[in-house]
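A.B. asks: Before I ask anything, let me first share the structure, which is written out below as structure tokens.
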Amino acid sequence: MTTPMRPSETEFNAYVDGELGPEAQAAVERHLGAEAEDARRIADYRAIGEALRALYDPILVEPIPARLVAATERRRSAAFAWAMRIAAALVLLVAGGVGGWLLRQSVSGSDAFQVAFTRHAIEAHRLYSVEVRHPVEVAADEEAHMATWLSRRLGRPIKPPPLAGAGFNLVGGRLLPAADKPAAQFMYENAGGQRLTLYFAVAAGGGDASYHYYQDGGTQALFWYIDGFACALTGEFQQQDLIAFAREIYRQRAGETVGPTYSW
């Protein structure tokens, strides 16, 4: 008896997006009926997509403020044009579900949490890093209040790691969802106006002590575990820059080494 071939990740993604023909869809559903681990993973992908659409769709239909339209007419710098392209890419990504997710490493069932978590981080970065007046919920000048509030919501003591040694100042932070638990995002900005975000949530049990690099278009993210948290450092930077920023976070922590090893 011939064992049916396992669907590829591309086919799984197309199935979640409703892009498969009847025969291919039936083949995937037969596989999911026989493979509980893949079935759970695909169910998670669907739940994540639905949660993101529920969270971000109302924002996507908001009118562009007149002041931003005017600013667009006055200023067409390369940095501003790039930010607009990122915002447009976010619209396509949310509308397209899990399709278009590009990775620099293969994904197995055990990596599903990392992939989903890092997708949340990249989408949150793209959504808020282009904001002019409201990039964060609580600004850096209320850092103590922000740390207390987010610590209470996440159930663990936290505070923004300083990144001045890497040339970035804290902009502020906000509360965000991470599947079925609360997450937080700290935003940083350098002198050139480039923004970097650190997205994190409590992760019971943690995982392997390695950096994992993910890429979606022009946005890169570095995922790792630290002290019971899952973290994703995200921005439009080269991978070696993200590693340097992550190591700066470790350098600021008394008694820590330079951090995990790098993993492709």
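Each reported figure results from applying straightforward, stated rules to the coordinates on display, with no laboratory input. The shown structure was predicted, so the numbers you read here are calculated from the model rather than taken from an experiment. Neighbour counts are summed over all protein chains in view; Cβ atoms, including those assigned to glycine, are modelled from backbone coordinates with ideal geometry.
A.B. asks: For the stretch 238-251, just list the computed ³J(HN,Hα) in residue order, Karplus coefficients 6.51, -1.76 and 1.60, θ = phi - 60°, integers in Hz, with x standing in for Gly and Pro.
C.D. replies: Here the 3J(HN,Hα) series is 6, 4, 5, 5, 4, 5, 4, 5, 5, 5, 5, 4, 5, 4 Hz.
A.B. asks: Please turn the phi angles of the stretch 176-182 into ³J(HN,Hα) values with the Karplus equation 6.51 cos²θ - 1.76 cosθ + 1.60 (θ = phi - 60°), one per residue in order, whole Hz, x for glycine and proline.
C.D. replies: So the Karplus estimates, Gly and Pro as x, are 9, x, 9, 6, 9, 9, x Hz.
A.B. asks: Would you please give the FRET efficiency between residue 44 and residue 175, computed as 1/(1 + (r/R0)^6) with r the Cβ-Cβ distance and R0 = 25 Å, to the nearest 0.05? Spell out each step's value before the answer.
C.D. replies: Numbers: r = 22 Å, r/R0 = 0.87.
My answer for the efficiency is 0.70.
A.B. asks: Multiply the residue separation of residue 24 and residue 131 by 0.36 nm, subtract the distance between their alpha-carbon atoms, and state the gained length in nm to one decimal. Please list the in-between numbers first.
C.D. replies: Values: separation 107, 0.36 × 107 = 38.52 nm, distance 4.11 nm.
Taking residue 24 through residue 131 to full extension adds about 34.4 nm, to one decimal.
A.B. asks: Measuring from label point to label point, each 7 Å out along Cα→Cβ, what is the residue 190 to residue 8 span in nm?
C.D. replies: Each label point is offset 7 Å from its Cα along the Cβ direction, giving 3.7 nm.
A.B. asks: Pull up all non-local amide H partners of residue 237: gap of 5 or more, or a different chain, and H-to-H distance under 5 Å with H placed in the peptide plane.
C.D. replies: So residue 237 has HN proximity to 220.
A.B. asks: Another one. Explain nothing, just compute: Karplus ³J(HN,Hα) = 6.51 cos²θ - 1.76 cosθ + 1.60, θ = phi - 60°, for every residue of the stretch 222-229 in order, whole Hz, x for Gly and Pro.
C.D. replies: Rounded to whole hertz, the list is 10, 9, 6, 9, 7, 6, x, 10.
A.B. asks: Quick one: net charge of residue 42's neighbours, Cβ under 11 Å, K/R +1, D/E -1?
C.D. replies: Numbers: positive: 40, 41, 46; negative: 9, 11, 29, 35, 37, 38, 44.
Once positives and negatives cancel, what remains is -4.
A.B. asks: Could you pull out every residue, at least 5 positions away or on a different chain, whose amide H is within less than 5 Å of the one on residue 156? Hs are placed 1.01 Å off N in the peptide plane, and Pro or chain starts have none.
C.D. replies: Hits under the 5 Å cutoff: none.
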